[in-house]
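See structure below.
The values are calculated or read from the model by the stated rules, or taken from the named source; none is laboratory data. Please read these numbers as outputs of a predicted model, since none were measured by experiment. In this analysis, Cβ positions are derived from the backbone assuming ideal geometry, glycine residues included, and neighbour counts consider all displayed protein chains. The area values use the complete protein model at the heavy-atom level, side chains included, leaving out ligands, DNA and RNA. Shrake-Rupley method; radii C 1.70, N 1.55, O 1.52, S 1.80 Å.
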Amino acid sequence: MNRNPQLNKHGELQHLLSTEGLPVSILLHILDTAESFAGVTEREVKKIPLLRGKSVFNLFFESSTRTRTTFEIAAKRLSADVINLNIAVSAQSKGETLLDTVNNLSAMHADMFVVRHSQSGAAHMIASHVQSEIHVINAGDGRHAHPTQALLDMFTIRRYKKDFHNLRVAIVGDILHSRVARSQIHALTTLGVPEVRVIAPKTLLPSKVERLGVHIYHDITQGLKEIDVIIMLRLQNERMLGASLPSTEEYFKYYGLTQEKLSLAKQDAIVMHPGPMNRGVEIDSAVADGKQSVILPQVTFGIAVRMAVMSILAGN
């Protein structure tokens, strides 16, 4: 039997590459640890010394503002030395291979790599080649996974809904191109959410998505009934080949979240979005800025969750 490449021989977290295959005990350990860090933001002195003397390298081969910034803040709050690499102008653009880059940085005594890459599996490949004392966190790879985003989403859901075991969650939009959706579905089902719905046109759903244990809806008015949590996804135009949609206007008409469509869900439903948002495409500004939106708290919680992941890895 193949051992999960994310776990060490003691069953502890060695790398965070995907939510898929992680036991519920580890997911809850991350969420509980993040809870202890959530209060650090309110302190006058926001630093704690858990990663003092450790070097965290942010390797972003794909652009990102929110994810890279929150990882940087999280590492600095744990007192780590943070090195941000501008890969676009680094040796990669001169033809150096990914593993050559990683090997050179490992020789500079890196303790942790936070990796975002356009190719699915890039973080897994790095994790399989680094020495055992180095930890790898996947900050998004291709269409494959974005585990810390899914975990901060789980943290947000638990903050507002307390328990996972009686929820109906709907993920709406471009499921096909979304690494976040895959990570969310694995995390939600592992944490015991009894019903996860995906709502999208057929052109934006992966084939055989039902194998992930989700219920498929093409009509948003049906899909949002009795829903507790709505997660909106942006249209990832940069990953679309050909015309998956007739027009963004038509998409908004049928799948954009408006106050009218939101009223079909439960009265206390929360609205989430991993960002960046396309206002007027997948979500109306009145909803994004409305009282049921928890989109900005998601960003805040992201720092605590990424602090939790880093501190757990550093302790294992």
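Structure data summary
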{"quantity": "For His135, residues with placed amide H under 5 Å, excluding near neighbours", "calculated": "Met112, Phe113"}
{"quantity": "Heavy-atom surface of segment 7-88, accessible at 1.4 Å and reported per residue (Å²)", "calculated": "49 Å²"}
{"quantity": "Where only alpha carbons of the chain are counted, the Rg and the Dmax (Å)", "calculated": "19.3, 57"}
{"quantity": "Volume per residue of the C-alpha convex hull in segment 1-143, rounded to whole Å³", "calculated": "128 Å³"}
{"quantity": "Two-site label geometry, Ser25 and Lys162: point separation in nm, points 7 Å out along Cα→Cβ", "calculated": "2.7 nm"}
{"quantity": "Accessible-area ranking of Lys202, Lys225, Lys291, largest first, probe 1.4 Å", "calculated": "Lys291, Lys202, Lys225"}
{"quantity": "Fraction of accessible area attributable to carbon and sulfur, the chain (%, probe 1.4 Å)", "calculated": "51 percent"}
{"quantity": "Computed accessible area, Met108, all protein chains, 1.4 angstrom probe, square angstrom", "calculated": "120 Å²"}
{"quantity": "Derived scalar couplings ³J(HN,Hα) [segment 197-206; Karplus, 6.51 cos²θ - 1.76 cosθ + 1.60; whole Hz; x for Gly, Pro]", "calculated": "10, 10, 10, 6, x, 4, 5, 10, 10, x"}
{"quantity": "The chain: relative contact order as a whole-number percent, Cα under 8 Å and 6+ apart", "calculated": "20 percent"}
{"quantity": "Alpha-carbon spread of segment 157-236, three principal axes, descending order, Å", "calculated": "34, 24, 22"}
{"quantity": "Cross-link table Lys161/Lys266; Lys46/Lys76; Lys161/Lys225; Lys47/Lys161; Lys225/Lys261; Lys208/Lys261, entries beyond 20 Å C-alpha to C-alpha", "calculated": "Lys47/Lys161; Lys208/Lys261"}
{"quantity": "Crossing angle, helix 295-315 versus the chain [Cα axis fit, 0-90 degrees, rounded to tens]", "calculated": "30 degrees"}
{"quantity": "Helix 24-38 vs. the chain, principal-axis angle (Cα, 0 to 90°, nearest 10)", "calculated": "80 degrees"}
